[in-house]
Amino acid sequence: MSRSAEEFKGIALFTPGGDLVYCIAPHKQARWHRDLCATLQARLALPTSPEFLLPCYTATVESWQDPTTGQWQLVAEAYPRVMRYQALLNTVFDLDALSWQPVYSVVAGCSTSVLGNYRQQSPQLWQYHDLVLQVPTSTTAEPATETPTATFGDSPTGYVLRLFVAGYTSTTEYILTALQATLDQYLQQPYTLKVVDVYKHPEQAETDQVSATPTLVRVWPYPARRLVGDLDNVDRILSLLKG
């Protein structure tokens, strides 16, 4: 029987070289991102815990039973850098030929330039060691707290941005790449950028009062501001951020 018919949460962490450590939690509330980093540090003799891999080299899967309908629900998401490992993810989590959903949120620490700085410090992560290792949940007395994908909570300390697009196309990829490059170059503060497909999440577009795409919304700092259309104009983007 496929694991999709039981309640669990699976967390996978890849290295840039293709090694994998993962954990299967019997209950959804359990989270072990930092345990996975600690395992990589020990196995590959890294000088520090490779938490900079979070979240851009991660994938998560959750399965639960809807208490109302009794139907099993399954959500499997992976960041674009690890989407090519879908077959391996299905194998280690004992899933059928599941098509994983890409997570198109961008965190400043996942930029190529930032990761390149860590490559000099921990070159082992960019080498392949044929490592596929399940981290037992018993390695810690209590579940470790998951490292968040951004440092924003009730009191954000950086910029929170949403990019609304109509489907994920080559044009969307171009816009996202160019926008991230602009933010990395000119924005001297932490930021998180989430891509929202209005076809899949019309309710989010309605909440943020978005009626056309592409639209970039500055959610934080308040007040919220929007930029519709031309996202190639650096001055307009900077005006949105700083205004």
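Residues TYR199, TYR85, TYR186, ordered by accessible area of protein heavy atoms at a 1.4 angstrom probe radius and largest first, appear as TYR199, TYR186, TYR85. Sorting 207-214, 64-71, 220-227 by their mean Cβ neighbour count within 10 Å, with the most densely packed peptide first, gives 207-214, 220-227, 64-71.
Basic side chains Lys and Arg get +1 at the Cβ, acidic Asp and Glu get -1 at the Cβ, and with that the dipole of segment 159-241 about its Cα centre reaches some 200 debye.
The HN-Hα couplings worked out from phi for segment 169-184 by the Karplus form 6.51 cos²θ - 1.76 cosθ + 1.60 (θ = phi - 60°) are 10, 4, 5, 4, 4, 5, 4, 5, 5, 5, 5, 4, 4, 5, 5, 5 Hz, whole numbers, x standing for Gly and Pro. Here segment 8-134 is treated with +1 on each Lys and Arg Cβ and -1 on each Asp and Glu Cβ, and its dipole about the Cα centre works out to around 300 debye.
Proximity of backbone amide H atoms, modeled 1.01 Å from N, is registered between VAL132 and LEU20 at under 5 Å, excluding neighbours fewer than 5 places apart on the same chain. Taking the DSSP beta bridges with both ends in segment 8-134, the antiparallel portion is around 80 percent. Residues whose amide H comes within less than 5 Å of that of VAL210, counting only those at least five positions distant or on another chain, are absent (H built at 1.01 Å from N in the peptide plane). Ordered by solvent-accessible area of protein heavy atoms (1.4 Å probe), largest first, the residues VAL234, VAL196 come out as VAL234, VAL196.
Rounded to the nearest whole Hz, the Karplus-based 3J(HN,Hα) values (6.51 cos²θ - 1.76 cosθ + 1.60, θ = phi - 60°) of segment 8-24 follow the sequence 6, 10, x, 10, 10, 10, 9, 9, x, x, x, 6, 9, 10, 8, 9, 10, with x at glycine and proline.
The values are calculated or read from the model by the stated rules, or taken from the named source; none is laboratory data. None of these values were measured; they are calculated from a predicted model. Note that each Cβ is placed from the backbone with ideal geometry, even for glycine, and that neighbours are counted across all protein chains shown. These area figures cover heavy atoms from the full protein model, side chains too; ligands, DNA and RNA do not enter into them. Shrake-Rupley method; radii C 1.70, N 1.55, O 1.52, S 1.80 Å.
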